[in-house]
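Worksheet: one structure, shown below.
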Amino acid sequence: MRASIRHIWKLSVIVLLAVYTQPSFAEEKACPADHAGSSETGSRREAAEIIPPGNGVGVPQVTEMNWPGKWELFLKNSGVSAMHAILMPNNNKVQFYDATIWRISKIKLPPGTPCHVYDQKTNAIDCWAHSVLVDIETGDIRPLLLSTDTWCSSGGLTVDGTLVSTGGFQGGANTARYLSTCANCVWREYPKALAARRWYSTQATLPDGTFIVVGGRDALNYEYILPEGVDNKKLYDSKLLRDTDDPTENNLYPFVWLNTDGNLFMFANNRSILLSPKTNKVIREYPQLPGGCRNYPGSASSALLPIRLEVENPPVIPADVIICGGARQDAFYRAETKKIYEPALKDCQRISLNERNPVWIAEAMPTPRVMSDAVLLPNGELIIINGVKRGTSGWGNGRDPIFAPIMYTPNKPLGQRFRELAPSPIARVYHSIAVALPDGKVLVGGSNTNDGYKYDVMFPTEVRLQKYSPPYLDPALANLRPAIVTTATPKQIKYGARFDIRIALNQNDVTKENVLVTMLAPPFTTHAVSMNMRLLMLGIFDIKKEVRDLHQIHAVAPPSGNVAPPGYYLLSVVYKGVPSVGVWIQIV
Ligand SMILES: *[C@@H]1O[C@H](CO)[C@@H](O)[C@H](O)[C@H]1NC(C)=O
């Protein structure tokens, strides 16, 4: 069975390679055929095919993948329900935390750790852990003490890979917390670090590796995080947040993406601006986005699409943002007060930030979606996963979980970019997460639409963790998978510098036309927002074949912190759409 499939696959590659020499024919035939088959997500496996480069110049050939992917249960009990998550650099552990206010989880603090005193007057204590480090290979769980409440907080990584967590509930609202990657590191908490209370705010990394924190409930302003231990007192008013504050908010957890020019694209509810973090001036306003609201509780999913770099970059490097799904402006009100769960928005909207006259360009998803997670994969595709078809964020406000993720391929022609993937057996509604892992899989966890850990309800609190293997991990494509030779690839690179990556790959056409080098910044994920998620496709100077199946890729590091803030990234080499296992690289 397996052998015959591989045979068919090889044959079709040969046939389609022949077709590929006539681009107009291939463009017409290959893509609609793929689209027609996209709604079937069973165990069907088809012959893969080579499609022509989308519309761009220099976009590498990609193997068309019809395998719908595969789900596996990774852990039955992750200890805490994963409301917030981030992949930590170097130690390959994922940090999860929930809300200390719940005073219960599924894992105790380690023996010898003092319990968390949650009421100073009565000395009432909570000995459950609300933060865990989960080893993504072994499943080993290390519980950690948190003293301030992280409920609905924000986060990001410093240049040296330390997690900075900001905001939260009650005593956690003005807090900045630090967790480094050393084996015995514990949380360091500074409850007065922020000038405003930040609950449902967004943290974004700036070109120098420091952070801005934007918005939050009753915080229509933003501020910059000062060095560890220094309390900030300075606030900046945000007209964007004031203008978009609806009766049910709809502008919490705003989308904040660092544009390639060093300015911040900020999107709240249905409006967006470009803000200079240097002068704190609004540089431009983008057209309003009709159709409904896109931020919490009408939570859409957003991503800064892959940034394509060259050996010599133009003065303006294109950057596109996508926003998918969301809810009607009154959807939260109707769910909360009338128990009416409106259909979510079905459109995805994309805008090119640096064009002279940017416009939103719409494309329909296969189903409506709210509170899904957008996850950039190392090969430059975007997976949209988790969430529901009706309702909004908030306790018990979602209905009709979406079990099948969808793949968005940014370079395909408009109207052909989505395909549906294999469904998961587990509902992931409010407070769920998804994280891209170094091996190319996606870790999926959380889901708790209850105030506390509850099981006798419509959507029980989820502590199971799954791994989803995207189509590029089709076992039939294993021979296309490059392996980075880590001993011959640097661990640190400098802006604009050329560097060599050695890979092992037993293929004949390992050329610039077929290869991508990508760098993925690990995002902080919560409430359908993936803060700081960023994928760079590096300029490749040349590729030389060495002995046996080894190849040396001469790549060029990103030009500046505007394009790639300093810090850790997962470096992957992608051959015909199939990524290597990622290795950590730090840019400084
Ligand atoms: C944007 O949202 C506001 C509500 O905050 C609404 O009044 C306005 O009509 C919306 N704009 C568009 C273009 O839909």
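Computed values, structure above
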| item | result |
| --- | --- |
| Any hit, the range 539-556, residues being under 30 Å from Asp98 (Cβ atoms) and touching a Lys or Arg at 6+ places or on another chain (Cβ under 6 Å) | no |
| Test: residue in the range 160-169 that is farther than 18 Å from Phe96 by Cβ and modelled with pLDDT under 95 | no |
| Boolean, Thr113 is under 17 Å from Glu189 (Cβ atoms), out of contact with any Pro (no Cβ under 7 Å at 6 or more places or on another chain) and surrounded by fewer than 18 Cβ atoms within 10 Å (Cβ to Cβ) | yes |
| Condition met for Asp542 (among the acidic types (Asp, Glu), farther than 27 Å from Ser201 by Cα and in a strand (DSSP E or B)) | yes |
| Residue list for the range 317-345, restricted to those being acidic (Asp, Glu) and either within 16 Å of Ala374 (Cα to Cα) or under 24 Å from the mean Cα position of the chain (by Cα) (or both) | Asp320 |
| Close pairs from the range 324-338: first at positive phi, partner within 15 Å of the ligand (Cβ to nearest atom), Cβ under 6 Å, at least 6 apart | Gly325/Ala300; Gly325/Leu345; Gly326/Gly292; Gly326/Cys293; Gly326/Arg294; Gly326/Gly298; Gly326/Ala300; Gly326/Leu345 |
| Answer from Val510, Val457, Val463 - the residue that is within 23 Å of Leu87 (Cα to Cα), of a type in the set (A, V, I, L, M) and surrounded by fewer than 24 Cβ atoms within 10 Å (Cβ to Cβ) | Val463 |
| Filter result (in a loop (DSSP other than H, G, I, E, B) and within 12 Å of the ligand (Cβ to nearest atom)) within the range 227-252 | Thr244, Asp245, Pro247, Thr248, Asn250, Asn251 |
| Among residues of the range 258-273, those that are within 21 Å of the chain's Cα centre (by Cα) and not in a loop (DSSP other than H, G, I, E, B), counted | 7 |
| So Asp451, is it surrounded by fewer than 15 Cβ atoms within 10 Å (Cβ to Cβ), closer than 27 Å to Gln552 by Cβ, touching a residue at least 24 places away in the same chain (Cβ under 8 Å) and not basic (Lys, Arg) | no |
| Residue ID - nearest to the ligand (Cβ to nearest atom), chosen from residues in the range 285-298 that are on the phi < 0 side of the Ramachandran plot and touching a Gly at 6+ places or on another chain (Cβ under 7 Å) | Cys293 |
| Pair list, Cβ under 6 Å, 6 or more apart: the range 466-490 residue under 19 Å from Glu381 (Cβ atoms), other residue hydroxyl-bearing (Ser, Thr, Tyr) and not in a strand (DSSP E or B) | Pro482/Ser580 |
| Selection count where residues are away from the ligand (no atom under 16 Å from the Cβ), part of a loop (DSSP other than H, G, I, E, B) and within 20 Å of Met266 (Cα to Cα), scope the range 308-357 | 9 |
| Selected residue [charged (D, E, K, R), at pLDDT below 95, outside any strand (DSSP E or B) and out of contact with any helix residue (DSSP H, G or I) (no Cβ under 7 Å at 6 or more places or on another chain)] from Lys106, Lys121 | Lys121 |
| Selection from the range 253-284 of residues that are away from the ligand (no atom under 13 Å from the Cβ), without any contact (Cβ under 8 Å) to a residue 60 or more places away in the chain and either of a type in the set (A, V, I, L, M) or surrounded by fewer than 18 Cβ atoms within 10 Å (Cβ to Cβ) (or both) | Met266, Ile273, Leu275, Ser276, Lys278, Thr279, Asn280, Lys281, Val282, Ile283, Arg284 |
| Cβ pairs under 7 Å, 6+ apart, first in the range 289-303 and among the aliphatic types (A, V, I, L, M), second within 7 Å of the ligand (Cβ to nearest atom) | Leu289/Asn270 |
| Residue list for the range 176-220, filter: outside any loop (DSSP other than H, G, I, E, B) and either buried (at least 20 other Cβ atoms within 10 Å of the Cβ) or on the phi > 0 side of the Ramachandran plot (or both) | Ala176, Arg177, Leu179, Thr202, Gln203, Ala204, Thr205, Phe211, Ile212, Val213, Val214 |
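The values are calculated or read from the model by the stated rules, or taken from the named source; none is laboratory data. In this text the structure is predicted, and so the values were computed from the model without any measurement. Positions of Cβ are backbone-derived with ideal geometry, glycine not excepted, and every protein chain shown enters the neighbour counts.
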